[in-house]
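Throughout, read-outs are computed from the coordinates displayed, never taken from laboratory work. Everything numeric in this text was worked out from a predicted model, so none of it was measured. Methodologically, a virtual Cβ is constructed for each residue, glycine included, from the backbone with ideal geometry; neighbour enumeration extends over all protein chains shown.
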Amino acid sequence: MFITTEGCAPIQHPSRLVSKLRRHEVVTRALEAPWYLLVYDVTCGKGRRVSQTSLVACDDALVCLLESMDTAEIRGIGRLDRRHCSGPSWGLKWIDAVWKPGLGEARKVGELLLRFEAEPLVRDARLWPVEELPERRLLYSVGRFFGATGNTLAR
């Protein structure tokens, strides 16, 4: 899936890594699937908080990161999609909420469900609209209430 010059990129939150974090100056994606930008705060040095951005390549890696992080650390999640027009083009949409689907639903919709800013629909990873179901688990929210699909998380 990736080609990097220094081995594979970690999918754990950097504050939880035991070994020294390696830099990846270039990451090449073989498939034209979406990327996620995860913007979050980390503590370094003498308790100083700094912002960090991770480039996440797949839905299950994003779910894994969100499940392992304190939601108060998350500042935003964006989705980069390749636009198919003349010339290279990518579009960035900011995500308002991410849910992990219920067990029965996951086989149909995939690893995660999304709601984008200023949009009322819940979508699967292929961006197809899905109906709302109560057994989903809310992993991330910008702080608004989104109905029966879960409670808001503190940010």
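Would you calculate the separation in nanometres between label points at CYS64 and GLU111, each defined as 7 Å from the Cα along the Cα-to-beta-carbon direction?
0.7
Report the extension gain between GLU32 and ALA72 in nm, rounded to one decimal, defined as 0.36 nm multiplied by the number of residues separating them, less their alpha carbon distance.
Residue separation times 0.36 nm, minus the Cα-Cα distance, leaves 11.3 nm.
Going by a ≥ b ≥ c, the root eigenvalues of the Cα gyration tensor, does the range 66-145 fall in the rounded group (a/c under 1.5), the prolate group (a/b larger than b/c) or the oblate group?
oblate
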